[in-house]
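Below: the structure, in structure tokens.
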Amino acid sequence: MEELPEFLTKDVVVFGCGNVLFGDDGLGPSVANFLVENYEIPDFALVLDVGTSVRNLLFTILLSEKKPSSLVVVDAVDKGKAPGEIFEISIDDIPERKTDDFSLHQVPTSNMLKELKDIGGLGVAVVACQVENIPEEVNPGLSDSVTKAVPRASKIIYEKFIMRR
């Protein structure tokens, strides 16, 4: 019998999404790493830097009989807010016709999050940070405003989603 990936066996899973090679897009991996390095993650939870592979992991969760009960996706977005501002994006607030426009790097990602919530019964949250800069070419490193947001986002995720399961 094949062993399940760890993210399918935990109650709460946090996916830090983004590409660290493109400025503020590296926010999700930075938050995941900050959480692991600065907080005691309980056995029922798992925090992963998933880089740009979130779609593959979401497909795996969708197709698996065993699923986490809560999934938190951490990502950098441009919603016209103040750079470094942390906010939640409700899956329910993404209109059906607009799911393909929603960021999270790849077109079907928001559709999969809606399916996980609506069909799979998962608690799904998206914790986002307003970007200051995502360059057109490779340029690693977060802007100052997004760097300062990493500890704030980590604290919110830990207190609201990990420790209040």
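Residues in region 134-149 that are buried (at least 23 other Cβ atoms within 10 Å of the Cβ), assigned to a helix (DSSP H, G or I) and of a type outside the set (Gly, Ala, Ser): Val146 only. Would you call Gly18 under 20 Å from Gln130 (Cβ atoms) and either out of contact with any helix residue (DSSP H, G or I) (no Cβ under 8 Å at 6 or more places or on another chain) or of a type in the set (Phe, Trp, Tyr) (or both)? Criteria not met by Gly18. Total residues in region 48-66 satisfying the condition of being more than 18 Å from Ser110 (Cβ to Cβ) and touching a residue at least 40 places away in the same chain (Cβ under 8 Å): the figure is 3.
Could you grab me the full set of residues in region 109-133 that are β-branched (Val, Ile, Thr) and in a loop (DSSP other than H, G, I, E, B)?
Ile119, Val131
Of all residues in region 79-90, those satisfying the criterion of being in a loop (DSSP other than H, G, I, E, B) and surrounded by 14 or more Cβ atoms within 10 Å (Cβ to Cβ) are Lys81, Pro83, Gly84, Glu85.
Per the listing Glu85, Glu96, the residue uniquely of a type in the set (D, E, K, R) and at pLDDT 90 or above is Glu85. Can you report the number of residues in region 23-70 which are within 12 Å of the chain's Cα centre (by Cα) and part of a helix (DSSP H, G or I)? The total comes to 12.
The values are calculated or read from the model by the stated rules, or taken from the named source; none is laboratory data. Note that the coordinates shown come from a computational prediction; the quantities given were computed from them, not determined experimentally. Reconstructed Cβ throughout: ideal geometry from the backbone, glycine too, with neighbour counts over all protein chains shown.
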